[in-house]
Amino acid sequence: MSRILVVEDEAAISELISLNLRHAGFEVELAASAEQAQLAVDGALPDLVLLDWMLPGQSGLALARQWRAAARTRDLPIIMLTARADEADKVGGLDAGADDYLTKPFGIGELLARIRSVLRRRAPQALDSVVEVDGLRLDPGTRRVSRGGTEVRVGPTEFRLLHFFLTHPERVHSRSQLLDRVWGDHVFIEERTVDVHVKRLREALAPVHCAGMIETVRGAGYRLAQAGALSK
């Protein structure tokens, strides 16, 4: 699960962003000033920072430049949030090292799309890494799934769904979260579509005795269980 640091001094905006990011499956940390943001980054690097331009004390722009100049934070993904809509301001934000720039007011859907896009661009290696849980192995590079030398044939959507489950084991994901993280833009997709693809995924995993790894959590969603949940 990607962790996002939201640096925003307006509490109402900060809480709204936080609520929607958590609903979309992200972990969120909040900071109301550049000083708080620096302390958070010093403690543990987030996967991405949403950085407001106007902050008390040091500006977000100056903070972005500071992070880009330091070896530890040079590659930290940053999306600038600002009420400044002029092209010169946008250029200034990007020149300071921001990966993207979003002008207030903005829609949550657009914000989530920008976040996913930046994370994909900045961490392609992670998306290509082989993942293995309890012998079930998924290789994004070759698009193959196997267990004990036996290949598992899955469709493209089931492949993405399984990849998400394997990289987030033991966590419960609602249908809405799965739609957002696996399908992306799911405006015209029914939540019940998830049930159909989970059923197909279980059927594909049955021959290698892994169907039981995909558990239904009644009233909440689905989770990938590790050792002890294999089907017979």
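Data for the structure
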read-out	value
Every pair of residues 6+ apart whose Cβ atoms lie under 7 Å, when the first sits in the range 101-119 and is in contact (Cβ under 8 Å) with a residue 12 or more places away in the chain while the second is among the basic types (K, R) and surrounded by 14 or more Cβ atoms within 10 Å (Cβ to Cβ)	Y101/K90; L102/R114
Test set (1) modelled with pLDDT of 90 or more; (2) among the acidic types (D, E); (3) touching a helix residue (DSSP H, G or I) at 6+ places or on another chain (Cβ under 6 Å) - E215 fails condition number	(3)
Residue that is modelled with the lowest pLDDT [pool: residues in the range 136-151 that are of a type outside the set (K, R) and surrounded by 14 or more Cβ atoms within 10 Å (Cβ to Cβ)]	P140
Qualifying positions in the range 11-25 - under 21 Å from A83 (Cβ atoms) and surrounded by 15 or more Cβ atoms within 10 Å (Cβ to Cβ)	I13, S14, I17, S18, N20, L21
Test: residue in the range 33-40 that is at pLDDT 90 or above and within 13 Å of I4 (Cβ to Cβ)	yes
Subset of the range 47-65 [under 20 Å from E10 (Cβ atoms) and surrounded by 16 or more Cβ atoms within 10 Å (Cβ to Cβ)]	L48, V49, L50, L51, D52, W53, L55, S59, G60, L61, L63, A64
Criterion (of a type outside the set (G, A, S), surrounded by 15 or more Cβ atoms within 10 Å (Cβ to Cβ) and touching an Asp or Glu at 6+ places or on another chain (Cβ under 6 Å)) met by exactly one of E8, E29	E8
Search result, residues across the range 18-50 that are in a helix (DSSP H, G or I) and under 21 Å from W183 (Cα atoms)	L19, N20, L21, R22, H23
Candidates R74, R121, filtered to the one that is modelled with pLDDT under 85 and part of a loop (DSSP other than H, G, I, E, B)	R74
Test: residue in the range 178-192 that is in a loop (DSSP other than H, G, I, E, B) and surrounded by 20 or more Cβ atoms within 10 Å (Cβ to Cβ)	no
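The values are calculated or read from the model by the stated rules, or taken from the named source; none is laboratory data. Because the structure is a prediction, the values reported are computed rather than measured. For neighbour counting, all protein chains shown are included, and Cβ atoms are generated from backbone atoms with ideal geometry for every residue, glycine included.
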